[in-house]
1. Is it true that Lys121 is loosely packed, with under 13 Cβ neighbours inside 10 Å, of a type outside the set (Asp, Glu) and under 30 Å from Tyr18 (Cα atoms)?
2. One residue is enough: does region 24-32 have a residue meeting the conditions free of Cβ contacts under 8 Å to residues at least 60 places away in the same chain and surrounded by 18 or more Cβ atoms within 10 Å (Cβ to Cβ)?
3. Mind checking which residues of region 158-183 are within 16 Å of the ligand (Cβ to nearest atom), over 15 Å from the mean Cα position of the chain (by Cα) and in a helix (DSSP H, G or I)?
4. Kindly indicate the residue of region 5-23 that is touching a residue at least 24 places away in the same chain (Cβ under 8 Å) and not in a loop (DSSP other than H, G, I, E, B) and also farthest from the ligand (Cβ to nearest atom) among those meeting that condition.
5. Please state which of the following conditions Lys104 fails to meet, knowing it meets all the rest: (1) farther than 18 Å from Tyr192 by Cα; (2) without any contact (Cβ under 8 Å) to a residue 12 or more places away in the chain.
Amino acid sequence: MKVTSAEFVISAVGPKQYPTDGLPEIALVGRSNVGKSSLINKMLNRKALARTSSRPGKTQTLNYFRINHRLYFVDFPGYGYAKVAKSVKQQWGKMIESYLTDRKELRLVVQLVDIRHAPSKDDIAMYDWCKQIGLTTVVVATKGDKIARGRWQQHLKVIREQLQLRETDSMLVFSSETGQGRDELWGTILKYINT
Ligand code: GDP
């Protein structure tokens, strides 16, 4: 998709701050350092609209980006960051849970996992959670440029098996370095915001 406008709207700490214009929302989730900010910047053709790993896992907010006045990316706090206090983790859980469960505008969850590693417990828990709620997920294997293309399938197989990827969900390889997967991910997103 041609991105003609992309703007940061708000770091929301709760539902009262979520936009009220009814535009469809795409949630982006993944553990800290997985490459989420880099992916957002690449998708939006911006160098630094979403910040890259300065303070991993510290921001416990939902960050809204409005794109082409047509949809929102909702950037989730990175999970699985050991140094976050337990109380913060619990708060994180509540906000995320209510967003995922109640947010009518949510069309698709983009879940990022590092292509090099088997999914973590947190990755599996997040995926299972979305399935229980009945959300559709596209799993994005990040940092594709870090392993040889000939080994992608082998790594995707591990991710698919460990997550027990549902047939209705899809998976793709992404690289913020090369732009691999960008068009495919936009294709998937557009499919879900148009329905
Ligand atoms: P976040 O914490 O999930 O937002 O992760 P960042 O986007 O900040 O990325 C974490 C680190 O991984 C940074 O050093 C990025 O430069 C690097 N990184 C992210 N995506 C890619 C990628 O596609 N390829 C490579 N080689 N490095 C990446």
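What follows is calculated from the coordinates using simple rules that are stated; it is not laboratory data. All figures in this text were calculated on a predicted structure; none of them were measured in a lab. We place every Cβ from the backbone using ideal geometry, glycine too, and count neighbours over all the protein chains shown.
1. Judged against the criteria, Lys121 is a match.
2. Step one: of region 24-32, the residues free of Cβ contacts under 8 Å to residues at least 60 places away in the same chain are 32.
Now narrow it down to the ones that are surrounded by 18 or more Cβ atoms within 10 Å (Cβ to Cβ): 32.
So far as region 24-32 goes, yes, one or more of its residues are free of Cβ contacts under 8 Å to residues at least 60 places away in the same chain and surrounded by 18 or more Cβ atoms within 10 Å (Cβ to Cβ).
3. Ile159, Asp183
4. The qualifying residue farthest from the ligand (Cβ to nearest atom) is Pro15.
5. Every condition holds for Lys104 apart from (1).
For every residue, the table says whether it meets (1) without any contact (Cβ under 8 Å) to a residue 24 or more places away in the chain; (2) within 19 Å of Asn33 (Cβ to Cβ).
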{"residue": "Met126", "(1), (2)": "no, yes"}
{"residue": "Trp129", "(1), (2)": "no, no"}
{"residue": "Val139", "(1), (2)": "no, yes"}
{"residue": "Lys146", "(1), (2)": "no, yes"}
{"residue": "Arg149", "(1), (2)": "yes, no"}
{"residue": "His155", "(1), (2)": "no, yes"}
{"residue": "Arg160", "(1), (2)": "yes, no"}
{"residue": "Arg166", "(1), (2)": "no, no"}
